[in-house]
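The values are calculated or read from the model by the stated rules, or taken from the named source; none is laboratory data. The structure displayed is predicted, hence computed values, not measured ones. Quick note on the areas: whole protein, heavy atoms, side chains included, nothing else; ligands and nucleic acids left out. Shrake-Rupley method; radii C 1.70, N 1.55, O 1.52, S 1.80 Å.
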Amino acid sequence: MIWLGIDTANTPISVALVKDGELLIEETSAMAINHSLRAMPTIEELLKKADLVPADIDAIAVSEGPGSYTGARIGVTIAKTLAWTLGKPLVGVSTLKALAANALFFNGLVCSIVDARRGNVYAGVYQYGGGKLTEIIEDGHYSLEELHDLLEQHNSPILFVGKDAAIHEQKLIELLGQHAVVAPLQFNLPRASSLIYIAAQSEPETDIHAFVPEYRRLAEAEANWLKEQGKDNDRA
């Protein structure tokens, strides 16, 4: 079985091809390159290098967010289009869960971090056991203080993964002390092969057209609109 994995949910981009549990080829970049211009050419390049054509793909895994609204939409749109065109199953995977898979064998909790600005983060906490990652704290949009309150309930070492963890490293160590461990650079980029690893254990989307990114918060424009509507309702 041949899987295509696509992750464009944040600044990094990662694309991989896996055949029968063996990684054929993977390209991951942390450079801020426009995903709308780079994602499809990367997929085409990897297929060519692996001597495959799109029809050889048996299933597609895609990062569904949270993260960049635009980035998540690009990856999901490409994945949906390919899945529908080729008639192949599609599996959405949490961006945060895929990051946590980079540290499967850490003896403790793994907290994936994506910066959400203004002292907030997208975060999810996972633990590996029994051959799979179990969600300990639900993926969500948290202030660092809220995340601290949730994490301090677990008396366990906590490994923070994700390129953006470094932005908050000092604050995390300040809040959690010796329990906080920030992963080294090689664990901090999303891996499309990790998406595939998780997707292979999951059920495919039954309705490809209805599949949408998981943002875990309202877009700022939508939030402002709803706030304005509330003001209007109050005046009424």
Exercise. What is the pair-distance distribution P(r) of segment 1-49, computed from all Cα-Cα distances in 10 Å bins starting at 0, with each bin given as a whole percent?
Worked result: 27, 55, 18, 1
For this session: First compute the accessible area of segment 28-88 with a 1.4 Å probe, then give the percent of it belonging to carbon and sulfur atoms.
Result: 59
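Using alpha-carbon pairs under 8 Å, 6+ residues apart, how would you state the relative contact order of the chain in percent?
Numbers: 472 pairs, mean separation 52.8, N = 236.
That works out to 22 percent.
Counting DSSP beta bridges in the chain, what percent are antiparallel, to the nearest 5? Each step should come with its number before you reach the end.
On the way: 29 of 44 bridges.
That works out to approximately 65 percent antiparallel.
Normalized C-alpha radius of gyration of segment 142-218, against 2.2 N^0.38 Å? Each step should come with its number before you reach the end.
On the way: Rg = 16.1 Å, N = 77, 2.2 N^0.38 = 11.5 Å.
Normalised Rg, Cα atoms only: 1.40.
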Exercise. Per-residue HN-Hα couplings for segment 13-28, Karplus 6.51 cos²θ - 1.76 cosθ + 1.60 at θ = phi - 60°, whole Hz, x for Gly and Pro?
Worked result: 10, 9, 9, 9, 10, 10, 10, 6, x, 10, 6, 7, 6, 8, 10, 10
Problem set entry | Where the chain is the region considered: accessible area per residue in Å², 1.4 Å probe | 51
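222 nm [θ] for the chain, helices only, -39500 (n - 2.57) per DSSP H run of 4+, per residue, to 500?
Details: 7 runs with 79 residues, N = 236.
Here the helix-only value at 222 nm equals -10000 deg cm²/dmol.
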Exercise. Could you give the length gained on full extension between ALA55 and GLN170, defined as 0.36 nm per residue of separation minus the Cα-Cα distance, in nm?
Worked result: 36.6 nm
Problem set entry | Taking N as its residue count, the alpha carbon Rg of the chain over 2.2 N^0.38 Å | 1.05
Seminar exercise, completed: log10 I(q)/I(0) for segment 77-157, Debye formula on C-alpha points only (no solvent), q = 0.19, 0.20 Å⁻¹, two decimals, reads -0.84, -0.89
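Taking the radius of gyration and the Kirkwood hydrodynamic radius from Cα positions alone, what is the Rg/Rh ratio for segment 19-101, to two decimal places? Each step should come with its number before you reach the end.
On the way: Rg = 12.9 Å, Rh = 13.8 Å.
Computed over Cα atoms, the ratio is 0.94.
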